[in-house]
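Student: Okay, here's the structure, questions in a sec.
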Amino acid sequence: MLKGKTALVTGSTSGIGLGIAKCLARQGAHIVLNGFGDAEGPRAEVLAAGAHAGIRVAYHGADMSRAADIEDLMAFAAKEFGRVDILVNNAGIQHVSSIEDFPTERWDAIIAINLTSAFHTTRLALPAMKAANWGRIINVASVHGLVASAQKSAYVAAKHGIVGFTKVTALETATTGVTCNAICPGWVLTPLVQKQVDAKAAAVGVSGEEAKKILLGEKEPSMQFTTPEELGELAVFFCSAAANNVRGVAWNMDGGWVAQ
Ligand code: NAD
């Protein structure tokens, strides 16, 4: 379905971004990976997922908190593949603390990586998408773009911000073949959430398995984690022709979290 297209997925060396990259590769898209840590393992996984379609995978280690790095990443993607057809703004970090104790440098980093980076990638991707009259921008927001939790002020502010930014992008592209939508996951068991599981286990003095049940029980009626692959399939739907007129939605996949 996506043969010949190129997808750039930020923060795709791990977790949800890697899951989305694999699903898009399976549909035949070339992939630009980004993120910290080992890139060779993720590159091999994504190549294997798209092997039947003969896809190519490139990697750029831009720090998404830095505008100059992001400009370099977008120029790299254009040079490698001609243009970015599908942009998935996924890179994100978390910090859990009350407002009074929130380290100001963590606040700045969360706003930069979880929100401002999407402004930079989007402004740089839009001209080529509009010229081709086809593009897909998918912002990985969160249920925290729709509702709040205590102790997550920067994250909730950034995620509400990206849901708003998604709507503006959708409006500014509404008469074109470019669409922009957000995905709002509930709990997904990635390294980002494992840290919160470990912190809960230590705070309450229970096992990791018990801590997972506590976290799910607080928020998610299904008592199940959503998987990166399930989120990847939602991204594939947003890229399909059936989604040509899906514009500006914030689609939660959250086991019933925001239905309550
Ligand atoms: P993760 O920690 O597994 O992956 C985060 C990715 O972002 C990694 O590849 C990491 O290297 C990259 N990254 C972090 N800082 C970066 C930076 N400055 N520059 C470039 N890359 C950077 O986390 P995840 O759970 O897969 O989170 C991915 C996205 O999904 C985030 O935006 C997160 O807010 C969102 N999300 C996660 C959950 C969840 O339950 N895990 C729920 C809702 C939303």
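The values are calculated or read from the model by the stated rules, or taken from the named source; none is laboratory data. Since this is a predicted model, take the numbers as computed values, not measurements. We place every Cβ from the backbone using ideal geometry, glycine too, and count neighbours over all the protein chains shown. Heads up: the accessible areas ignore ligands, DNA and RNA and are worked out on the full protein's heavy atoms, side chains in. Shrake-Rupley method; radii C 1.70, N 1.55, O 1.52, S 1.80 Å.
Student: Going by what's in this entry, would Ala148 be described as open to solvent by 50 Å² or more (accessible area, probe 1.4 Å), part of a loop (DSSP other than H, G, I, E, B) and either outside the structural domain of Ser65 (by TED's automatic domain parsing) or of a type in the set (Gly, Ala, Ser) (or both)?
Tutor: Working: open to solvent by 50 Å² or more (accessible area, probe 1.4 Å): yes; part of a loop (DSSP other than H, G, I, E, B): yes; either outside the structural domain of Ser65 (by TED's automatic domain parsing) or of a type in the set (Gly, Ala, Ser) (or both): yes.
Criteria met by Ala148.
Student: Then there is this: Report yes if some residue within segment 116-133 is among the hydrophobic types (A, V, I, L, M, F, W, C), open to solvent by 10 Å² or more (accessible area, probe 1.4 Å) and either in contact (Cβ under 8 Å) with a residue 60 or more places away in the chain or not in a helix (DSSP H, G or I) (or both); otherwise report no. Break it down into steps so the answer makes sense when it comes.
Tutor: Initially, segment 116-133 is screened for residues among the hydrophobic types (A, V, I, L, M, F, W, C), giving 118-119, 124-126, 128-129, 131-132.
Checking the rest, the ones that are also open to solvent by 10 Å² or more (accessible area, probe 1.4 Å) come to 119, 124, 126, 128, 131-132.
Keeping just the survivors that are either in contact (Cβ under 8 Å) with a residue 60 or more places away in the chain or not in a helix (DSSP H, G or I) (or both) gives none.
No: zero hits.
Student: Being over 27 Å from Gly161 (Cα atoms) and at pLDDT 95 or above is the requirement here; does Gly92 meet it? Outline the logic, then answer.
Tutor: On the way: over 27 Å from Gly161 (Cα atoms): no; at pLDDT 95 or above: yes.
The answer is no for Gly92.
Student: Taking the stated definitions as given, is Leu216 open to solvent by 50 Å² or more (accessible area, probe 1.4 Å) and more than 10 Å from the ligand (Cβ to nearest atom)? If you could, list the steps in order and put the result at the bottom.
Tutor: Working: open to solvent by 50 Å² or more (accessible area, probe 1.4 Å): no; more than 10 Å from the ligand (Cβ to nearest atom): yes.
Against the criterion (open to solvent by 50 Å² or more (accessible area, probe 1.4 Å) and more than 10 Å from the ligand (Cβ to nearest atom)), Leu216 does not qualify.
Student: What's the number of the condition Ala157 fails, among (1) assigned by TED's automatic domain parsing to the domain that holds Val140; (2) within 16 Å of the ligand (Cβ to nearest atom); (3) open to solvent by 20 Å² or more (accessible area, probe 1.4 Å); (4) not in a helix (DSSP H, G or I)?
Tutor: Tallying (1) assigned by TED's automatic domain parsing to the domain that holds Val140; (2) within 16 Å of the ligand (Cβ to nearest atom); (3) open to solvent by 20 Å² or more (accessible area, probe 1.4 Å); (4) not in a helix (DSSP H, G or I), Ala157 fails exactly one: (4).
Student: So which residues in segment 52-69 are away from the ligand (no atom under 16 Å from the Cβ) and either not in a helix (DSSP H, G or I) or not assigned by TED's automatic domain parsing to the domain that holds Ala125 (or both)?
Tutor: So the first thing to find is which residues in segment 52-69 are away from the ligand (no atom under 16 Å from the Cβ), and the list is 52-56.
If the condition is that a residue be away from the ligand (no atom under 16 Å from the Cβ) and either not in a helix (DSSP H, G or I) or not assigned by TED's automatic domain parsing to the domain that holds Ala125 (or both), then Gly54, Ile55, Arg56 are the ones that fit.
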